[in-house]
Amino acid sequence: KGVQVYPNPTNGRFSVDFYSGNTIKEVKLKILTVTGQLILNEVYNHTGGRFTKELNLENQAKGVYFVEIDADGIKETKRVVLR
């Protein structure tokens, strides 16, 4: 259960995978820089126990980013390194 971000470090393309064991109805996904700049802010309507989203940061500067996920009130933040 929980959030996985892979591969990490990445060259830009990576996946976010969330599994709760319960039915997920809404997933909020944000990507931020270390300075707090918002890169991505999306909301997905979803049904099921697993949510997977492929993302692409190839057009962003190399460095550390934070992936925030809120799935039906379960919140987690993961660090991803873009090299």
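The values are calculated or read from the model by the stated rules, or taken from the named source; none is laboratory data. Predicted, not measured: the structure shown is a model, and the values here were computed from it. All Cβ positions, glycine included, derive from the backbone under ideal geometry; neighbour counts span all protein chains shown. Protein only, heavy atoms only, side chains kept; ligands, DNA and RNA dropped before computing areas. Shrake-Rupley method; radii C 1.70, N 1.55, O 1.52, S 1.80 Å.
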Once all protein chains are kept in place, Phe14 shows an accessible area at probe 1.4 Å, nearest 10 Å², of 10
Residues other than Thr77 with Cβ under 13 Å of its Cβ, Lys/Arg counted +1 and Asp/Glu -1, net out at +2
With DSSP loop assignment and no more than 10 other C-beta atoms within 10 Å, the trypsin sites (Lys or Arg not before Pro) in region 1-71 are Lys1
Here the gain from full extension of Lys78 to Ser20, 0.36 nm per residue of separation minus their alpha-carbon distance, amounts to 19.3 nm
Order by accessible surface, 1.4 Å probe, largest leading, for residues Glu26, Glu58 comes to Glu58, Glu26
For Leu32, the accessible surface traced by a 1.4 Å probe with all protein chains present amounts, in square angstrom to the nearest 10, to 30
